[in-house]
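*Asks:* Before I ask anything, let me first share the structure, which is written out below as structure tokens.
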Amino acid sequence: MIKIIKKKNYEEMSAYAAEMIAAQILLKPCCVLGLATGSTPLGTYSKLIEKYQAGLLDFAKVRSVNLDEYCGLSPEHDQSYHYYMKENLFSHINIDPDNTHVPNGMAQDMKAEGERYDALIASLGGIDLQLLGIGNTGHIGFNEPDSNFPTATHRVRLAQKTIEANSRFFASVDDVPKYAVTMGMTSIMSARKILLLANGVSKAEIIKKSFFDSVTPQVPASILQLHPDVTVVVDEEAGSLLP
Ligand code: F6R
């Protein structure tokens with residue numbers, strides 16, 4: 001079931017998301033959080049850091065698994081998702097670095113890496129709360145439109161639209177990696193709770209398509225219509241085409 005919550009702006013969307021994540025941690029201090037990168041969750045991460053600094057939240061027992069990583073970027077590369085997580089969340093809170101996991105974009109054998117990552121998620125007992133953004137292709141993680149929903153963690157060729165959208169973080173579009181390693185739909189859909197965030201007018205069309213149109217691998221996020229516990233939080237712009 002999908003619950004859609006419209007907030008006035010990015011600030012309010014982020015505050016709501018941080019409250020949901022904080023509630024999850026309070027409920028189960030050793031919970032497994034599935035985490036996302038990109039622009040969308042930055043405000044949520046800042047609010048979680050504020051709560052930690054105010055003594056309202058303890059990450060000591062929290063475990064985390066990230067959705068994805070670019071292939072060929074080392075953890076030290078400033079556009080890698082390892083680096084992003086350290087910069088924007090992990091280094092500001094008391095999470096144990098050994099309890100944080102991001103797929104290895106440098107792995108030689110991506111099939112083995114996918115199997116390792118899925119086994120790791122299983123060994124943690126699965127994901128309690130999965131945070132998601134959404135790409136303007138409808139991707140969640142880096143699961144791009146395809147003829148079927150990919151299941152396991154796997155290497156994926158990024159859609160040209162995604163490469164162009166993400167080029168804002170790189171010196172030029174040619175510097176954006178063409179491949180990424182991403183959690184597949186099995187791990188995402190097995191999460192006990194899913195929280196998807198979207199802000200800005202550029203996400204309005206895909207939000208409507210994902211949640212008010214048919215379920216199809218051409219719109220990967222549409223699979224979430226089949227999950228029992230999804231909360232979608234949008235700002236006014238991203239929600240502007242919703243009935
Ligand atoms: C990031 C991820 C992607 C992003 C999506 C939206 O880990 O999995 O699906 O959530 O590309 O990116 P932003 O938030 O930059 O618009």
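*Asks:* Run through the DSSP bridge list for region 2-235 and note the antiparallel percent, rounded to the nearest 5.
*Replies:* Rounded to the nearest five, the antiparallel share is 30 percent.
*Asks:* Hey, which of these cross-link pairs are over 31 Å Cα-Cα: Lys28/Lys208; Lys6/Lys178; Lys61/Lys161; Lys86/Lys203?
*Replies:* Violating the 31 Å limit, Cα to Cα: Lys28/Lys208; Lys6/Lys178; Lys61/Lys161.
*Asks:* Running a GNM on the chain with Cα contacts under 10 Å, which residue among Ala15, Ala198, Ala23 ends up with the highest mean-square fluctuation?
*Replies:* Highest fluctuation among the options: Ala23.
*Asks:* To one decimal place, what Kirkwood hydrodynamic radius in Å is obtained for region 1-87 from all pairs of distinct Cα atoms?
*Replies:* Answer for region 1-87: a Kirkwood hydrodynamic radius of 14.3 Å.
*Asks:* Among 140-148, 34-42, 86-94, what's the highest-first ranking by average C-beta atoms within 10 angstrom per residue?
*Replies:* Descending packing order for the listed peptides: 34-42, 140-148, 86-94.
*Asks:* Enter the per residue convex hull volume of the chain, computed from alpha-carbon coordinates, in Å³ rounded to the nearest integer.
*Replies:* It is 113 Å³ per residue.
*Asks:* Sum up the charges of everything whose Cβ sits under 12 Å from the Cβ of Gly43, counting Lys and Arg as +1 and Asp and Glu as -1, but leave Gly43 out.
*Replies:* Combined, the nearby Lys, Arg, Asp and Glu give -2.
*Asks:* What's the local net charge at Asn9, with K and R +1, D and E -1, over the other residues with C-beta under 9 Å away?
*Replies:* Net of charged neighbours comes to -3.
*Asks:* Summing +1 for each Lys or Arg and -1 for each Asp or Glu, what net charge is found among the other residues whose Cβ lies under 11 Å from the Cβ of Asp109?
*Replies:* Neighbour charge sum, excluding Asp109 itself: +1.
Each value in this text was obtained by applying a stated rule to the coordinates, not by laboratory testing. Quantities reported herein were computed from a predicted structural model and do not represent experimental measurements. Cβ atoms come from the backbone with ideal geometry, glycine included; neighbour counts cover every protein chain shown.
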